[in-house]
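Written below as structure tokens is the structure these notes are about.
Please treat every number below as a calculation from the coordinates, not as lab data. Since the structure is predicted, the reported quantities are computational estimates derived from the model, not experimental observations. Every residue, glycine as well, gets a Cβ built from its backbone with ideal geometry; the counts of neighbours run over all protein chains shown.
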Amino acid sequence: MIRTRFAPSPTGYIHVGGVRTALFAYLVARQANGKFVLRLEDTDKNREVAGSEAHIIESLRDLGLDYDEGPDIGGPFAPYRQSERLDSYKQWADKLIAAGRAYIDPYTPDEIQAFRDAAMADKKPFLYRNHRPDPTPVPNDWYGKYPLRFRSDPKPYNWHDAVMGDLSTGAEVIDDFVLIKSDGYPTYNFAHIVDDAEMKITHIIRGQEFISSQPNYLNLYDALGLEPPIIATVPHILNETGNKKLGKRDGAKDVLDYLRDGILVESLNNFIASMGWNDGTETEIFSMSDLIAKFTLDRVGRSGARFDEKRLLWLNGQWIKKLSLDELYARTLGNKVIARSATTKQSSNNYASKAREQLHDDNFWGKFGQKATEERRLEVLAVVQDRLKTLAELPDLTEYFFHRPEPNWDMVDDNQQLSKLSRNEQIELLRAAVAKLEKQDTDASVIARSVATKQSSEIYDSPVTPRRSAPRDDTGWTVVSLQESLNDLLTKTNSKPAILFSLIRYALTWAPFSPGLPETMVVLGRDETIDRLRRVIL
């Protein structure tokens with residue numbers, strides 16, 4: 001049975017580096033029909049941050065990385081908090097003491113620092129084993145009073161890393177290290193080896209910062225008589241320039257903030273998985289089922305992966321396009337709610353019903369969009385879907401559909417093409433547009449709800465298909481007929497699309513970005529379109 005684990009410390013929020021480790025472990029387990037375990041390494045109480053455990057659990061659940069065993073759901077190797085496993089660490093420590101492989105550390109922190117300073121002055125590496133005290137029996141009451149150190153057996157090591165390949169080191173890097181602190185809590189160096197052995201973990205996937213400690217871990221495995229699991233060391237995630245490890249200032253923010261900012265869970269998992277991994281093809285869009293089927297550790301790169309936020313936004317736009325209209329609408333009502341069900345392949349109806357059950361702060365509609373009917377929002381969403389890069393852009397791309405914005409002629413004046421015209425010339429073009437549109441027949445057409453029934457795996461070639469209700473002729477208020485009218489108006493006014501169409505679009509939306517002009521006019525409707533243009537030219 002393949003068993004992997006994600007073992008974070010509850011010392012703050014999870015960022016993309018931690019999520020990538022969890023995701024890789026999840027994929028290895030799921031691909032082999034194995035088990036994915038969440039274990040909390042909470043033995044450093046000085047660094048623990050209140051609420052971190054709940055945040056870790058929430059993050060994994062919202063990302064769809066459901067674990068099979070963990071602190072909140074139990075499992076055959078419970079407990080899954082290290083702070084609740086102290087008796088186990090003491091038992092393994094007693095085995096090392098009995099074998100002569102552990103001793104009480106008699107030195108104060110100041111004395112140890114003096115040893116370090118002396119080694120530095122001699123331009124030599126500091127090794128604690130050079131200062132081992134004379135052998136003395138470990139007192140029976142040592143636990144919770146004195147720090148216990150591992151008595152290393154320095155020797156060279158060769159090992160295979162599932163990502164980094166064949167590695168080796170000499171005996172000079174092996175040193176004595178603390179197993180259990182004076183407060184009775186184990187160090188990470190000791191506890192994770194005990195936990196992985198007792199929980200039958202087969203693969204350890206962790207960050208590059210641990211690779212220098214691996215020889216000491218191998219030495220401890222030998223002393224405990226344990227066979228090491230498969231080790232996979234993933235390189236750092238680098239900042240956008242690629243010159244240093246990604247930090248909080250570079251975008252290593254709370255992973256849940258990406259969901260709050262309108263990034264879809266599919267996009268985020270896709271993006272994180274492909275930072276340092278590819279399947280050997282040019283494919284860039286991977287669903288979770290794709291990742292489970294195709295992921296292998298030997299395709300993970302050995303060099304740092306650059307965090308490219310522009311690529312994340314591009315991926316998110318692609319995933320937004322892939323959603324059916326109903327599915328996307330449900331996400332706009334509550335991305336986090338839907339993120340949980342996204343990986344369980346629930347139907348579009350379930351997506352929508354879950355979103356309506358929990359309408360909360362993750363609702364991405366703007367002030368006026370909130371007040372609109374569901375039908376109206378769906379009409380609007382259909383025409384902006386192809387332009388959305390994040391759900392958080394929804395207010396900027398839709399609010400002008402729900403209320404009449406105030407004219408902002410500065411936008412026109414700042415346009416390079418439109419600024420070449422006088423205000424009177426601009427007004428005359430708008431008058432010509434009103435005259436043309438007033439002559440255009442209309443029907444009750446709205447954006448076709450048939451768009452919503454398209455399969456979620458389909459990327460639409462066109463964002464909208466107008467639905468006609470008892471059309472009277474071919475000159476109704478439809479995308480096709482409006483485009484024909486606008487083209488005819490271009491000819492009659494001897495204008496250019498960049499001038500005429502941009503001017504009309506500003507007059508209707510007063511927004512820097514909007515969908516195609518005919519689509520915008522169809523959703524606004526004939527009366528509203530003409531009224532907005534009239535108001536501008538009065």
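Placing pseudo-labels 7 Å out from each Cα toward the beta carbon at Asp134 and Arg387 gives an inter-label distance of 8.4 nm. Close amide H partners of Leu238, meaning residues 5 or more places away or on another chain with modelled amide H under 5 Å apart, are Leu246, Ala305, Arg306, Phe307.
How far is helix 526-537 tilted, in degrees, relative to the longest principal axis of the Cα atoms in the chain, given as a value from 0 to 90 rounded to the nearest 10? It is inclined by approximately 80 degrees. In the structure shown, do any of Lys90/Lys181; Lys45/Lys244; Lys45/Lys95; Lys155/Lys200; Lys253/Lys321; Lys124/Lys181 have a Cα-Cα gap over 18 Å, and if so which? The answer is Lys45/Lys244; Lys45/Lys95; Lys155/Lys200; Lys253/Lys321; Lys124/Lys181.
For the Cα trace of the chain, dividing Rg by the Kirkwood Rh returns an Rg/Rh value of 1.14.
Counting every other Cβ atom within 10 Å of each residue's Cβ, Glu84, Glu327 order from fewest to most as Glu84, Glu327. Working from Cα pairs under 8 Å separated by at least six residues, relative contact order for the stretch 155-300 is 21 percent. Would you mind checking the tilt of helix 423-438 against the longest principal axis of the Cα atoms of the chain, expressed as 0 to 90 degrees and rounded to 10? It is inclined by approximately 80 degrees.
Arrange the following residues from fewest to most other Cβ atoms within 10 Å of their Cβ: Asp410, Asp72. Ascending Cβ contact count within 10 Å gives the list Asp410, Asp72. For the pair Asp183 and Thr493, label points projected 7 Å from Cα toward Cβ lie 7.2 nm apart. Roughly what angle does helix 309-322 make with the longest principal axis of the chain, taking Cα atoms, 0 to 90 degrees, to the nearest 10? In the chain, helix 309-322 runs at an angle near 60 degrees to the longest axis. Modelled this way, with points 7 Å down the Cα-to-C-beta line, the labels at Arg47 and Phe126 are 1.7 nm from one another. Among Phe401, Phe177, the ranking by other beta carbons within 10 Å of each residue's beta carbon, starting with the fewest, stands as Phe177, Phe401.
Rounded to the nearest 5, what is the percent of antiparallel bridges among the DSSP beta bridges in the chain?
Of the beta bridges lying entirely in the chain, close to 50 percent run antiparallel.
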